[in-house]
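Each reported figure results from applying straightforward, stated rules to the coordinates on display, with no laboratory input. If you're wondering where the values come from, they're calculated on a predicted model, not measured in any experiment. Neighbour counts run over all protein chains shown; Cβ positions are idealised from the backbone, glycine included.
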C-alpha cells in the first residue's frame, strides 16, 4: 500500500521525519523508544532527535533502504508514543548518515555545506517573518489507527508505547491476565536472575526484557492462575544492594 505521505510530501527517501513527539521526554530515552518501535521495519543507521527549543518534538529515523522507511510510514503513521500521535513523512533531504554511507568524502562535505546554507536561508526567513510552513503528514482516521502493526506493538510492549487503541487504565486496576509487568528492577537483574524469582510459580513460561529500557520486564505464565500467584508473592519485594521495591502489575490487554 502506498503511503499518503509519499504522494503529497517530499519524494521517497531512506529517512523518516517524525514530528509531534512529546517534548518533555529526554533525547536518549526518546531515541531508545524510537529505535525499538521502528527497528521492526528495517535496519536503522541513525536516529537524530532535535534538542533545541525551536525544533523539539521532532526526530529523523534513517533506514538503510527506502523500502524500510516507506513501510515504517505506512504502518506507524498516527501511532501514539508517550501520549502523542506521531506524524510521519519522508525527510526533505538525505541525512548526513545516508550521504556518508553512500557517497565519497567530497560528496559528504558538499552535502554539509548545502545543508548549512539552506539552514541559513530558513533562519533569515524566520527573522523577516516569512516562514515557510512545514508540511504536516496526514493523520490517520481515528477509526483506522489500530492497524495490525499497532496491535502487535500493543501486545508486546503495552506499558512502554501506550498506543491510542489501548485503554488507559491505572496499572493497579488492570484485570488479571497471564502476563505480568515488572517495574523498578535493579539494573543488574537479567533474565536468569528474574527467572530464578518468577520461575517458582505454576505455569512459568518466560521473562522478556525490553531492548534499550532498564528496570522493566514482562513475565509470562501459561494461565492467569500462575500470574496471580506470582504477583501476590512478589509485589513489593526488595531486590538488589539498595533494596529496591519492585512493582508488579498485570500487562495491559
Peptides 76-82, 24-30, 39-45 ordered by average Cβ neighbours within 10 Å, highest first: 76-82, 39-45, 24-30
Label-to-label distance, nm, for residues given as residue 187 and residue 52 (7 Å Cα→Cβ offset): 3.2 nm
FRET efficiency estimate (nearest 0.05) - Cβ-Cβ, residue 177 to residue 82, R0 30 angstrom: 0.80
Spin-label pair residue 23/residue 66, simplified geometry with 7 Å Cα→Cβ offset, distance in nm: 3.4 nm
Separation in nanometres of the label points that stand 7 Å from Cα toward Cβ, at residue 35 and residue 92: 2.8 nm
Ranked list, fewest to most other Cβ atoms within 10 Å of each Cβ, for 190, 46: 190, 46
